[in-house]
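Reviewing the structure listed below.
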Amino acid sequence: MEIKELRSFVHIARVGSFSRAAAELYVAQPALSRQIAKLEEELGIALFVRHGRGVRLTSGGAQLLERAEMIINFVTQTGEHVRASSDRLSGHIALGLPPAVGVRVSAPIVEAFRERWPAVGLHIREGLSSSLQEWLLDRRVDLAIVYNQPALEAFDVLPLCSEAMVIVGPPDDTVIERRGGEPLRIRDLAELPLIVPGFPHANRRVLEQAAVQHGVHLRIVLEVDSVTLTKALVKRGLGYSLLTYTAIQEEVERGDLCALPIERPAIRSIVSLATLREQRASRLVRTMAEVVRDNVRDLVVDGAWKDYATWLGDSEHGAGLSVADE
């Protein structure tokens, strides 16, 4: 069993496809298949099951993935330790971002990380918080920015900021115009046709919890998981939605959407940085976590989010990456 074979195996498990892994590793697919076949022959078990969209791990493959990650991390950390005197870092890291955040933070994160660690390969993956959570568990990403992360034993969670959610309507909406800028109350939501994501989307969980706590029956007319599609439907006047202001800031400034805050009480989303607990020792993960934290802080404290989000990363509650959850 060779480390090269284990690295190939882990990469296939991360992306869920032989062809995609071959392209990303710059290896011919037949050669990649031979490496996995050799591993399966040595272990005497099948590692993957093929399906229409790619492959998934067998139970034996899942066990090998856990050990292979440990072996690769140990080899990586050994190399990092030896090279520490020259302050160089190499390897590969994958960062997961939700759509509403990714547009704002991806470019400065990539620029800052490349400037500090040009030898490290960087993979950015975009997905809903529920998908990012699964990708963390499957090792498809090494760390991720997530909304309203529930407490899970497997994760370290560092709260970064909280954002108040707003009610979003089409341009020149009469319901919102009649309020003259006066915030909505949570009970007012019962009167509006809502376009919201389905479960287990983080925004849906927060909204439903707030509605139950205050005895509000929500009038949901459409379930849409995509933030981009939701904004397009709201703009056409097909309903209202609840989103963080950072997700609709550009559209409001262009006049494509209008928004009102919700008060008595406010509904807030928590933006956090999540990693697997077992990756605490990885210098790559710790370094990327620092870059992500610094860039989100710049946006919240001095940048485009300063009027809409509250920084949590310097609080006792969010002081370190080992914090379990809020």
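The values are calculated or read from the model by the stated rules, or taken from the named source; none is laboratory data. Predicted model, so just to flag it, every value in this text is computed and none were measured. Neighbour counts are summed over all protein chains in view; Cβ atoms, including those assigned to glycine, are modelled from backbone coordinates with ideal geometry.
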Checklist entry - Can you tell me which residues in region 161-200 are within 23 Å of the chain's Cα centre (by Cα), in a loop (DSSP other than H, G, I, E, B) and surrounded by fewer than 20 Cβ atoms within 10 Å (Cβ to Cβ)? => result 198, 199, 200
Item to check | Qualifying residue in region 28-49 (condition: assigned to a strand (DSSP E or B) and without any contact (Cβ under 8 Å) to a residue 60 or more places away in the chain) | outcome: yes
Checklist outcome for this item: Selection over region 55-64 where residues are under 17 Å from residue 38 (Cβ atoms) and touching a Phe, Trp or Tyr at 6+ places or on another chain (Cβ under 9 Å) yields a count of 4
Item to check | Conditions (1) part of a loop (DSSP other than H, G, I, E, B); (2) at pLDDT 90 or above; (3) of a type in the set (Ser, Thr, Tyr); number of the one not met by residue 322 | outcome: (2)
Next on the checklist: Kindly evaluate residue 238 against the criterion of being modelled with pLDDT of 90 or more, assigned to a loop (DSSP other than H, G, I, E, B) and surrounded by fewer than 18 Cβ atoms within 10 Å (Cβ to Cβ).
Outcome noted: yes
Next on the checklist: Anything in region 244-285 that is free of Cβ contacts under 8 Å to residues at least 24 places away in the same chain and not acidic (Asp, Glu)? List them, or say none.
Outcome noted: 252, 254
Next on the checklist: Would you confirm, using the coordinates I've provided, whether residue 274 is part of a strand (DSSP E or B) and crowded, with 20+ Cβ neighbours inside 10 Å?
Outcome noted: yes
Checklist entry - In this structure, does residue 64 turn out to be surrounded by 15 or more Cβ atoms within 10 Å (Cβ to Cβ), modelled with pLDDT of 90 or more and touching a helix residue (DSSP H, G or I) at 6+ places or on another chain (Cβ under 9 Å)? => result yes
Next on the checklist: Need the failing condition index for residue 232 against (1) farther than 24 Å from residue 215 by Cβ; (2) among the hydrophobic types (A, V, I, L, M, F, W, C); (3) buried (at least 21 other Cβ atoms within 10 Å of the Cβ), just the number.
Outcome noted: (3)
Checklist entry - Quick one: in region 1-27, which of the residues that are in a helix (DSSP H, G or I), surrounded by fewer than 20 Cβ atoms within 10 Å (Cβ to Cβ) and among the aliphatic types (A, V, I, L, M) is farthest from the chain's Cα centre (by Cα)? => result 3
Checklist outcome for this item: Considering region 111-146, residues that are among the small types (Gly, Ala, Ser) and in contact with a Phe, Trp or Tyr (Cβ under 8 Å, 6 or more places away or on another chain), and then whichever is surrounded by the fewest Cβ atoms within 10 Å (Cβ to Cβ), we arrive at 127
Next on the checklist: Kindly evaluate residue 256 against the criterion of being assigned to a helix (DSSP H, G or I), of a type in the set (Asp, Glu) and modelled with pLDDT of 90 or more.
Outcome noted: no
Checklist outcome for this item: Of those in region 139-153 that are outside any strand (DSSP E or B) and within 22 Å of residue 91 (Cβ to Cβ), the residue farthest from the chain's Cα centre (by Cα) is 139
